[in-house]
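Notes follow the structure.
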Amino acid sequence: MMNISNSTRLLGHRGARDYALENTMLGFQQAQRLQSAGLNGVEFDVQLSADGRLIVFHDDNLERLCGMQSCVDQLSLIEIQRHLQSGHEILTLDRLATTLVGFDTIELEVKTHNRTQYSKLIQALIHELIDSPLAHLPIALTSFDVHLHAQLNRTRAFQSIPRGLLVRTPELLAAAPNTALQLGCRQLGVYYPLLTQKIIKNCHRYGLPVSAWTVNDDQEITQLINWGVDAIITDFPTQILIR
């Protein structure tokens, strides 16, 4: 078992991908069982279906996991759930309410693209997150999309929901702390090869905790812990915590 610092949280990426297929109920149930071994939470993705439901799914289309090229936002929930991910049902956000209980950190990435209808997406988030049992869970909304963050920052219903700006390029990282604060974000999620101890300390000076994604190597995890990163998102929570 790896020694995870008390000040660094460990999150399962899309559930527990070393145990079950990503974003499936079996993976989230394994993550919930790993709480007793020290798993602090999970990170996963949602995106909007054609009929306004929040689907727990990472890819823009169903090709990689279901063998068809249709985009998630162009299908209704019924059409999406006709297809299985290697035998696993594609989930809606509301299905996870009981499986997420007990975690102290849940990072919920909201996926967008050039077809996104922002007003429809925000209404779905209000209905399925704010006005639901999920509202009582420690969820932070994360996104790369500064336009979405700006709209959420102006929407009163989301004032009490923490948000995180996601960053994957060095060009955006330089300005990320200022950008995050201007958008009302309370944390940063950074592609881990971009991180240094200096960058983490600089983010902390702005009062912004840092999540590192997606880190699967023991030595890199240890280094990030030593640098004071606040959260590590990994595909291998079972292997890290139980060996």
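The table for this structure:
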quantity	calculated
Residue in region 87-110 that is hydroxyl-bearing (S, T, Y), over 20 Å from the mean Cα position of the chain (by Cα) and either part of a loop (DSSP other than H, G, I, E, B) or under 29 Å from I200 (Cα atoms) (or both) present	no
Enumeration of residues in region 61-79 that are open to solvent by 40 Å² or more (accessible area, probe 1.4 Å) and part of a strand (DSSP E or B)	N61
Enumeration of residues in region 22-60 that are open to solvent by 30 Å² or more (accessible area, probe 1.4 Å), out of contact with any Lys or Arg (no Cβ under 8 Å at 6 or more places or on another chain) and either farther than 29 Å from K120 by Cα or in a strand (DSSP E or B) (or both)	L26, Q29, Q32, R33, Q35, S36, G38
Residue match in region 167-181 (condition: of a type outside the set (S, T, Y), within 20 Å of the chain's Cα centre (by Cα) and in a strand (DSSP E or B))	yes
Considering residues of region 115-135 that are over 19 Å from L91 (Cβ atoms) and at pLDDT 95 or above only, the residue least open to solvent (accessible area, probe 1.4 Å)	I122
Failed item, numbered, when R82 is tested on (1) within 21 Å of D145 (Cα to Cα); (2) open to solvent by 20 Å² or more (accessible area, probe 1.4 Å); (3) not in a helix (DSSP H, G or I)	(1)
Residue check, L148 open to solvent by less than 40 Å² (accessible area, probe 1.4 Å), under 24 Å from T234 (Cβ atoms) and either out of contact with any Cys (no Cβ under 8 Å at 6 or more places or on another chain) or in a helix (DSSP H, G or I) (or both)	no
Condition broken by N114, with the remaining ones in (1) part of a loop (DSSP other than H, G, I, E, B); (2) under 26 Å from G12 (Cα atoms) satisfied	(2)
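The values are calculated or read from the model by the stated rules, or taken from the named source; none is laboratory data. Since this is a predicted model, take the numbers as computed values, not measurements. Virtual Cβ from ideal backbone geometry, glycine too; neighbours counted across all protein chains shown. Areas reflect the complete protein model, heavy atoms only, side chains present, ligands, DNA and RNA absent. Shrake-Rupley method; radii C 1.70, N 1.55, O 1.52, S 1.80 Å.
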